[in-house]
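Colleague: One structure coming up, written as structure tokens, with questions to follow.
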Amino acid sequence: AASGARFVLLTAAIIQPVLAADLRGISFDWSAGPADDAPTEPTFRTKTFTGDARGLRPLAPVHLLSVENPAGDLDITWKRRTRIGGDSWAGEDVPLGEAYERYRVEIWENAALIRREEATAPAFIYTAAMIAADFPGGRPPVTIKVAQISDAVGPGAWGEVGV
């Protein structure tokens, strides 16, 4: 459709190409145009596309919460989301959608990565000892980022909370 078109009609003829996972990160030139025209016609457009398996990446965790307990630890919790079977409201939590439950937890100060850990449940304790080791002069404001890890494609999208 021309730039500024009010809408583009997508029908069942438009399908998502199926790419093998090992083609992730490789650039391809894709051409599209009217079915009645040859690909060499000026009505065809070519665009370079690099598959990143976005449809397989876990969604970002949500409802990140950090609470400092009396011992000086930061108790960090979150809710996972799923791409598989997550439409039902019947259960207490959505299905895992991965072979194992794993998360990458990162502690950032400004643009610097301070600490990277892994968790096997939707919770992590950033202990007072860790905080003291990372910030001997006292903890400044930090950003805590969490991503669910997929065995197929690695970390998904990041959820974050400032503390």
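Colleague: Can you pull out the GluC sites (Glu not before Pro) in the range 30-103 whose DSSP state is coil and whose Cβ has at most 11 other Cβ atoms within 10 Å?
Modeller: Within the range 30-103, the qualifying GluC sites (Glu not before Pro) (loop, at most 11 other Cβ atoms within 10 Å) are GLU92.
Colleague: Taking the dipole about the Cα centre of the range 1-112, with the C-beta of Lys and Arg at +1 and of Asp and Glu at -1, give me whichever of VAL67, ALA99, LEU10 is farthest to the positive side.
Modeller: LEU10
Colleague: Distances over 13 Å make up what percent of all Cα-Cα pairs in the range 24-63?
Modeller: 64
Colleague: What is the sum of charges around PRO95, taking Lys and Arg as +1, Asp and Glu as -1, for the other residues whose C-beta is under 12 Å from the C-beta of PRO95?
Modeller: -2
Colleague: About its Cα centre, what dipole magnitude does the range 11-130 give when the only charges are +1 on Lys and Arg Cβ and -1 on Asp and Glu Cβ, stated in debye to the nearest 20?
Modeller: Here the range 11-130 has a charge dipole of around 100 debye.
Colleague: Distances longer than 22 Å among the Cα atoms of the range 66-163: what percent of all pairs is that?
Modeller: When all Cα pairs of the range 66-163 are counted, 34 percent exceed 22 Å.
Colleague: Given the options ASP22, ASP37, ASP93, state which has the largest fluctuation in a GNM of the chain using a 10 Å cut-off (strictly under) for Cα springs.
Modeller: The residue with the greatest mean-square fluctuation here is ASP37.
Colleague: Moving on to the next point. Pick from VAL142, VAL67, VAL18: which is most flexible by mean-square fluctuation in a GNM of the chain where alpha carbon atoms under 10 Å apart are linked?
Modeller: VAL18
Colleague: Also, I was wondering about something else. Ignoring ligands, DNA and RNA, please state the percent of accessible area on the range 13-163 from carbon and sulfur, probe 1.4 Å.
Modeller: Heavy-atom surface of the range 13-163 belonging to carbon and sulfur, 1.4 Å probe: 55 percent.
Colleague: When the chain is treated as a GNM, springs tying every alpha-carbon pair under 10 Å, which of ALA119, ALA129, ALA147 comes out with the largest mean-square fluctuation?
Modeller: Between ALA119, ALA129, ALA147, it is ALA129 that shows the largest mean-square fluctuation.
Colleague: Please report how far the C-alpha centroid of the range 111-163 lies from that of the range 30-45, rounded to the nearest whole angstrom.
Modeller: 48
Colleague: Compute the longest continuous run of the chain that contains no exposed trypsin sites (Lys or Arg not before Pro); treat a site as exposed when its DSSP state is not H, G, I, E or B and it has at most 14 other Cβ atoms within 10 Å.
Modeller: Longest gap between qualifying sites, sites excluded: 55-163.
Colleague: May I ask for the net charge around VAL62, where only other residues with Cβ less than 10 Å from the Cβ of VAL62 are counted and Lys, Arg are +1 while Asp, Glu are -1?
Modeller: The answer is +3.
Colleague: Per the helix-only calculation at 222 nm, which mean residue ellipticity applies to the chain, given -39500 (n - 2.57) for every DSSP H run of n ≥ 4 and division by its residues, nearest 500 deg cm²/dmol?
Modeller: One gets -1000 deg cm²/dmol as the mean residue ellipticity at 222 nm.
Colleague: Taking all pairs of different Cα atoms in the range 110-163, averaging 1/r and flipping that mean, what Kirkwood radius in angstroms comes out?
Modeller: 12.7
Colleague: For the chain, what does the accessible surface come to per residue with a 1.4 Å probe? Please give it in Å².
Modeller: 68
Colleague: For the range 18-32, what does the Karplus curve 6.51 cos²θ - 1.76 cosθ + 1.60, with θ = phi - 60°, yield as ³J(HN,Hα) per residue in whole Hz, taken in order and with x for Gly and Pro?
Modeller: With coefficients 6.51, -1.76 and 1.60, one gets 9, 10, 5, 4, 6, 8, 4, x, 9, 7, 10, 9, 10, 10, 9 Hz.
Colleague: To continue, here is another question. For a quick check of your reading of the filter: which chymotrypsin sites (Phe, Trp or Tyr not before Pro) in the range 65-163 sit in a DSSP loop and have no more than 11 other Cβ atoms within 10 Å?
Modeller: Of the chymotrypsin sites (Phe, Trp or Tyr not before Pro), the ones in loops of the range 65-163 whose Cβ has at most 11 other Cβ atoms within 10 Å are TRP89, TYR100.
Colleague: Taking only the Cα atoms of the range 1-156, how large is their convex hull per residue, in Å³?
Modeller: Value for the range 1-156: 207 Å³ per residue.
The values are calculated or read from the model by the stated rules, or taken from the named source; none is laboratory data. Bear in mind the structure is a predicted one, so any value in this text is a computation, not a measurement. Cβ coordinates were reconstructed from backbone atoms using ideal geometry, including for glycine residues, and neighbour counts include every protein chain displayed. Accessible surface is based on the protein model in full, side chains and every heavy atom, while ligands, DNA and RNA are left aside. Shrake-Rupley method; radii C 1.70, N 1.55, O 1.52, S 1.80 Å.
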